[in-house]
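No lab work stands behind these numbers, since they all come straight from the coordinates. Bear in mind the structure is a predicted one, so any value in this text is a computation, not a measurement. Using ideal geometry, Cβ is built from the backbone for each residue, glycine included, and neighbour counts are taken over all protein chains shown.
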Amino acid sequence: MSKLVYGKKGQVHFENEAEKKEAIDYILSSPNVNFRIHENNQEQGAWAPEERIHFKKEDDVPECLKKIMTAGDRSNYGRINCKEFCEEIRAMADGEPDKEEE
């Protein structure tokens, strides 16, 4: 069974494998998503840079993603803030082996 909870505060969480698969499939295939956002927030006083996933519009976003999103900005409907989950998504997109399978 793969990991279902990510982040120090468990901010990214899935009920089961099917929900996680639905979320990942959408993130990796939708033109509505940018999963390679890196913000140098430490330059504005934050602790460290942030890794994010941005969603441009609400249209067709699965409920399993809507429930873990935070508010977006003028140009994005919402976002997910979790370095651990972002890194896993990027590794999948780049064809890197799953760390849990090694």
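General observations
- Across Lys20/Lys67; Lys3/Lys57; Lys3/Lys56; Lys9/Lys67; Lys21/Lys57; Lys8/Lys66, pairs whose alpha-carbon gap is larger than 22 Å: Lys3/Lys57; Lys3/Lys56
- Between Glu15 and Ala71, the simple spin-label model (points 7 angstrom out along Cα→Cβ) gives 2.7 nm.
- Simple label model, 7 Å out from Cα along Cβ direction - Ala93 to Glu39, nm: 1.7
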